[in-house]
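Notes to accompany the following structure.
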Amino acid sequence: MWRLIKNKNFFIFLSAQTISQFADKLTYIALIGLIGLYPENQTSLLLSLLALFITLPVLVFGPIVGVLVDRWNKRTVMLFCEALRMLCALTIPFLFIYTGSIFLVFVLVFVMFLLNLFFNTARSAIVPNLVARDRILHANSVINVVSRIAMVLGMWIGGMIVDWSGWLGIVMLAGWVIAFLFDGLFFGFSALMLIFLKVDLKKPVKASSLVDRAIIRRVKSYIRNLHIELKQALKVIPHNSDLTFTMVSVLLLFFAGSIIYVIVVPTIQKTLAWGTSGVGSLAAIGAVGLVLSATLVGIFGNRLDLKNLITIAFIVLGAVLFSFPFLKNFWTVAIATFLGGMAISPVFIVQDTLIHHSAEEVIRGRVFSIRDWLYNASFMFFSLLVGMLATFTERNLLFFIFGVLLALLAIIIRILISRDQSASISSNHS
C-alpha cells in the first residue's frame, strides 16, 4: 500500500476521487436536508422522485457514456465533470431560494448524476494507466477502502453541517445551503488536483465524425441487439436455480432499499425529530455494519450455504423494518441500523458469487449487465411505488406490512428454488 501512496500520480488521483466521493455523499445529505423543508406528508414522495432523477442517467445514457469516455481524454473528462458539478452544487441553493421550485432542483440533480456517470466511468478506466499491471489489484483495494471511509464521513459530517443552527447567526444562511456551498468547494478542489495529474494515455481519436458515427453505431447496435441478448439470457436464467435466485434477490434487495430510502429517512428526520444529522449519523453506522459483515463473509462464507445466507439476511431486514415503529431511542435505532447494514452486505457479495459460479463465461458479462440494469430499474420503480403508497397510508402500517412481506417472500422464494433444484437433480438422475 505504501508503495502505491508514494506514487505521486496515483496519490493525486486517489485524493481527488476520495474528495469527490465525500462530495457525492454530501450532495445526497444536502438534498435530504432540502427535502426536509417540506411537510412530512410530502417528503416520501419527493424522496422517491429524487431517486428517479438520480437513477435515470444510468438507465438512459449508460451504453453511450462508455463510447464517449473511450474516445476522449479520461483525465480531461474527470476534470471537466468535477468543474461542472461544482457549478451545479453552487447553483442549486440559490435556484431554489429564488424560484421555490424543487423540480428545477431535480433537473440539476439529473445533470449532476449524469456528470457523475461520466466521472466514474473515466475514473474506473484510468487506473491501469497510473500503476503497474501487478499493482492493479492492490490499487483497486486501496481505492475501495478509502472510498468507503469517504462515504461514511460524507454522510456523517454532511448531516451535522445541515442541522447546525449556528450558520444562521454567522452567515445568515441555512445549513442545507452551506452544505451545497461546501459541496461545490470540494468538487472544485477535486478538479484543481486533477490539473496536476500526469498520466500517459493513448491519443484519442480526433475526428468528431468518427465519434459521431461510433455513438450512432453503438446506440443502433444496443437497441437492435438488446432484445436478442435479453432473450438469450432469459433462456439460461430460468433453467439455473442460482441465477434465478440471484435475479429475484435483486428485486427483494431494492424493494427493501426503497423502503429504507423513502420511509425510514423521513421517519428519522421528521417523526423522530433527529433531523438530517440523525440521518447522516445512522447511515454512517449502517455503513460500518456493511464493512464488518463483508469482512466476516470473506472469512467464513465458504463454510455456509450461500442461498440460506441471503435468505437469512432478508429475514433480518424484514425484522428490522417490522420493529422500526417500536424504536424510539437513538441507540436502539442505531443497533437496528447496524444490523440492517450487516444484512445488506452479504446480499451483494452472494449475488456476485452465484453469478461467477453459475454463469458460463460466454454470457457472464450479459448476466452482470442485466443485474446492474435491474439494480437501477428496480430501485426507481419501488421508490416511486413506496413513495405513492406512503402519501395516503399510515407509515407505521407500511413498516409492519413491508417487514412481514419481505421476510415471507424471502422464505417462499428459497423454498420454491430448492424444490426446482431438487426436481432438476431428480430429472437428471432419471
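The values are calculated or read from the model by the stated rules, or taken from the named source; none is laboratory data. Fair warning: this is a prediction, and the values are worked out from it, not measured in the lab. Using ideal geometry, Cβ is built from the backbone for each residue, glycine included, and neighbour counts are taken over all protein chains shown.
State whether one or more residues within region 86-96 are among the hydroxyl-bearing types (S, T, Y) and surrounded by 19 or more Cβ atoms within 10 Å (Cβ to Cβ). Within region 86-96 (the criterion being among the hydroxyl-bearing types (S, T, Y) and surrounded by 19 or more Cβ atoms within 10 Å (Cβ to Cβ)), the answer is no, since none of the residues qualifies. Within region 279-321, which residues are of a type in the set (K, R) and without any contact (Cβ under 8 Å) to a residue 40 or more places away in the chain? Scanning region 279-321 gives a single hit, R303.
Of everything in region 288-308 that is closer than 13 Å to L354 by Cβ and of a type in the set (D, E, K, R), the residue that is modelled with the lowest pLDDT is D305.
Answer yes or no as to whether A334 is touching a residue at least 60 places away in the same chain (Cβ under 8 Å), assigned to a helix (DSSP H, G or I) and surrounded by fewer than 23 Cβ atoms within 10 Å (Cβ to Cβ). Taking the combined requirement at face value, the residue does not satisfy it.
Checking each residue in region 268-278 for being in contact (Cβ under 8 Å) with a residue 12 or more places away in the chain and over 18 Å from G257 (Cβ atoms) picks out K270, T271, L272, W274, G275, T276, S277, G278. The requirement of being at pLDDT 85 or above, among the polar types (S, T, N, Q) and within 23 Å of T246 (Cβ to Cβ) is satisfied by T311.
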